[in-house]
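Peer 1: Submitted below is the structure of interest, expressed as structure tokens.
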Amino acid sequence: MDFPEFFCYVSILACLFPIMVNSIGINYGQIANNLPSPEDAVPLVKSIGATKVKLYDADPRVLKAFANTDVEFMVGLGNEYLDKMRDPTNAQAWVKENVQPHLPATKITSIFVGNEVLTLNDTSLSDCLLPAMQSVLAALLNLGLDKQVTVTTTHSLAILQTSYPSSAGAFREDLMDPLCETLNFHQKTGSPFLINAYPYFAYKGNPEQVPLDFVLFQPNQGVTDPQTHLDYDNMLYAQIDAVYSALASLGYKKLPVHISETGWPSKGDEDEAGATPENAEKYNGNLIKLMSGKTGTPMRPNSDLNIYIFALFNENMKPGPTSERNYGLFKPDGTPAYPLGITPNNVVGRNTTVGGGSFGNAVTNPYYPMSSSTGYMSISSTRQRYQLLGHVLLMVPLLMIKTLV
């Protein structure tokens with residue numbers, strides 16, 4: 001597809017989805033050698049109604065391309081920089097070079113320092129996390145940017161020890177000290193708690209036990225949390241509420257939770273159950289419809305959903321199984337990887353549901369692999385993620401029995 005055809009196609013997309021979707025976020029990964037220019041990515045982001053972009057670095061080409069577009073940006077500082085960022089001088093130099101020059105034309109609203117650091121089992125790295133966050137915040141304060149830009153970090157759902165039922169959500173005891181340090185930081189600064197959540201991995205790990213309709217926001221029978229009597233019809237909302245419960249149990253009831261990554265691959269290897277264009281269309285399409293309704297989770301119905309879909313493009317150089325290279329909503333030539341099925345007539349309203357039932361948190365064991373960002377910011381390897389899968393295979397049948405009793 002040449003560029004005139006590309007922009008003609010994007011114009012059609014924009015007409016199909018003009019303001020139907022509110023506050024969609026999109027992850028803009030660039031581990032590929034065939035992606036369109038950042039300038040060509042701008043209309044694609046707008047075509048899906050996305051108003052927020054999460055970037056895994058602070059690529060100046062991307063930030064310049066999105067200047068004066070009113071799209072909000074979250075930029076990243078990789079795990080490999082954490083030790084260096086402990087020094088406030090280095091942190092200030094980084095902010096001055098990578099953030100300050102782009103403001104206010106590009107709406108950089110947040111810096112996430114490190115990716116899933118606490119679940120990497122690397123104490124040398126986790127010990128650097130809070131000092132690095134503090135140094136970046138100090139840099140923003142010194143430069144007068146702290147009112148515009150917050151500082152946070154992302155976590156895998158593997159930080160949870162318990163997630164069923166959602167009301168019993170609890171963090172892992174072995175992570176409590178560094179986790180509470182970051183929670184105190186969030187509470188003092190007002191920055192959100194970021195979670196990467198992938199229901200896809202629960203289904204992939206045990207497709208015989210995990211109901212596909214439950215993870216895809218499709219109609220299903222539903223289940224009720226026995227403690228709160230709240231109904232759930234999808235896994236993602238149950239996971240989010242488990243995080244809210246875990247935070248509340250530690251006294252952080254008012255801390256906002258944002259989903260910094262979630263998505264579904266459109267292609268996978270033979271052993272990657274569910275990685276199809278049809279399932280990716282249902283997951284991401286239904287999620288976008290839910291987000292357009294501005295409704296919250298059962299536990300927080302009045303809280304806006306802040307969710308970043310993974311990802312904008314398929315990325316052909318990502319390591320790991322085939323699925324890792326096929327999370328994109330778009331192919332590199334700008335055409336959709338699959339249709340999202342969003343039209344003005346099927347946007348879900350505040351009081352409607354995609355599922356029709358209310359399936360609960362039957363299988364949200366926190367120990368399955370939670371991140372699709374393999375290759376980004378020195379996070380855990382694919383092998384480490386598959387080692388975690390054994391916990392799912394053991395726990396899912398037990399959790400399914402719980403929901404049937």
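The values are calculated or read from the model by the stated rules, or taken from the named source; none is laboratory data. Quantities reported herein were computed from a predicted structural model and do not represent experimental measurements. FYI the Cβ positions are ideal-geometry reconstructions off the backbone, even for glycines, and counts take in every protein chain you see. Side chains are part of the model used for accessible areas, which takes the heavy atoms of the whole protein and leaves out ligands, DNA and RNA. Shrake-Rupley method; radii C 1.70, N 1.55, O 1.52, S 1.80 Å.
Peer 1: For Phe217, state whether it is among the hydrophobic types (A, V, I, L, M, F, W, C), farther than 18 Å from Ala238 by Cβ and at pLDDT 95 or above.
Peer 2: no
Peer 1: Across segment 255-270, which residue is surrounded by the fewest Cβ atoms within 10 Å (Cβ to Cβ) among those that are in contact (Cβ under 8 Å) with a residue 24 or more places away in the chain and farther than 16 Å from Ile195 by Cβ?
Peer 2: The residue in question is Asp269.
The rows are residues; the columns are (1) closer than 27 Å to Asp241 by Cβ; (2) open to solvent by 30 Å² or more (accessible area, probe 1.4 Å); (3) not small (Gly, Ala, Ser).
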position: Ala91; (1), (2), (3): no, no, no
position: Val95; (1), (2), (3): no, no, yes
position: Phe112; (1), (2), (3): yes, no, yes
position: Leu129; (1), (2), (3): yes, no, yes
position: Gln148; (1), (2), (3): no, yes, yes
position: Leu175; (1), (2), (3): yes, no, yes
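Peer 1: Let me ask you something else. With the requirement that a residue be part of a helix (DSSP H, G or I) and surrounded by fewer than 18 Cβ atoms within 10 Å (Cβ to Cβ), what does segment 44-64 give you?
Peer 2: The answer is Pro60, Arg61, Lys64.
Peer 1: If a residue has to be more than 30 Å from Leu120 (Cα to Cα) and in a loop (DSSP other than H, G, I, E, B) to count, how many in segment 65-80 make the cut?
Peer 2: The qualifying residues number 6.
Peer 1: Shifting gears a bit: If you go through segment 322-339 one residue at a time, how many are open to solvent by 20 Å² or more (accessible area, probe 1.4 Å), under 22 Å from Ile195 (Cα atoms) and not in a loop (DSSP other than H, G, I, E, B)?
Peer 2: 1
Peer 1: Would you confirm, using the coordinates I've provided, whether Asp146 is out of contact with any Ser or Thr (no Cβ under 7 Å at 6 or more places or on another chain) and either aliphatic (A, V, I, L, M) or over 30 Å from Gly268 (Cα atoms) (or both)?
Peer 2: For Asp146, the condition - out of contact with any Ser or Thr (no Cβ under 7 Å at 6 or more places or on another chain) and either aliphatic (A, V, I, L, M) or over 30 Å from Gly268 (Cα atoms) (or both) - is met.
Peer 1: Among the residues of segment 1-23, is any in contact with a Leu (Cβ under 8 Å, 6 or more places away or on another chain) and modelled with pLDDT of 95 or more?
Peer 2: Within segment 1-23, not a single residue is in contact with a Leu (Cβ under 8 Å, 6 or more places away or on another chain) and modelled with pLDDT of 95 or more.
Peer 1: When His186 is evaluated against the numbered criteria (1) open to solvent by 30 Å² or more (accessible area, probe 1.4 Å); (2) closer than 23 Å to Cys128 by Cβ; (3) not hydrophobic (A, V, I, L, M, F, W, C), which criterion, by number, is the only one it fails?
Peer 2: Unmet for His186, out of (1) open to solvent by 30 Å² or more (accessible area, probe 1.4 Å); (2) closer than 23 Å to Cys128 by Cβ; (3) not hydrophobic (A, V, I, L, M, F, W, C): (1).
This table checks each residue for (1) open to solvent by less than 10 Å² (accessible area, probe 1.4 Å); (2) in contact with a strand residue (DSSP E or B) (Cβ under 6 Å, 6 or more places away or on another chain).
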residue: Glu281; (1), (2): no, no
residue: Thr297; (1), (2): yes, no
residue: Pro301; (1), (2): no, no
residue: Tyr308; (1), (2): no, yes
residue: Gly320; (1), (2): no, no
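Peer 1: Among the candidates Val223, Val210, which residue alone is surrounded by fewer than 24 Cβ atoms within 10 Å (Cβ to Cβ), modelled with pLDDT under 95 and either farther than 29 Å from Met176 by Cβ or not basic (Lys, Arg) (or both)?
Peer 2: Result: Val223 is the single residue among Val223, Val210 that is surrounded by fewer than 24 Cβ atoms within 10 Å (Cβ to Cβ), modelled with pLDDT under 95 and either farther than 29 Å from Met176 by Cβ or not basic (Lys, Arg) (or both).
Peer 1: So which of Ala273, Ala280, Ala311 is of a type in the set (A, V, I, L, M, F, W, C) and within 20 Å of Ser156 (Cα to Cα)?
Peer 2: Ala311
Peer 1: Would you point out which residue out of Lys267, Lys253 is of a type outside the set (A, V, I, L, M, F, W, C) and closer than 23 Å to Ala158 by Cβ?
Peer 2: Lys253
Peer 1: Quick one: Asp271 ticks every box in (1) under 22 Å from Tyr308 (Cβ atoms); (2) out of contact with any Lys or Arg (no Cβ under 7 Å at 6 or more places or on another chain) bar one, so which box is it?
Peer 2: (1)
Peer 1: Six or more apart or on different chains, Cβ under 6 Å: which pairs go from a residue in segment 81-100 that's part of a helix (DSSP H, G or I) to one that's among the basic types (Lys, Arg)? Could you list them?
Peer 2: Listed pairs, sorted by first residue: Asn90/Lys84.
Peer 1: Another question, then. Quick one: is Lys204 surrounded by fewer than 24 Cβ atoms within 10 Å (Cβ to Cβ) and among the basic types (Lys, Arg)?
Peer 2: In short, no.
Peer 1: All but one of (1) under 30 Å from Thr322 (Cα atoms); (2) open to solvent by less than 20 Å² (accessible area, probe 1.4 Å) hold for Gly169; which doesn't?
Peer 2: With (1) under 30 Å from Thr322 (Cα atoms); (2) open to solvent by less than 20 Å² (accessible area, probe 1.4 Å) applied to Gly169, the lone miss is (1).
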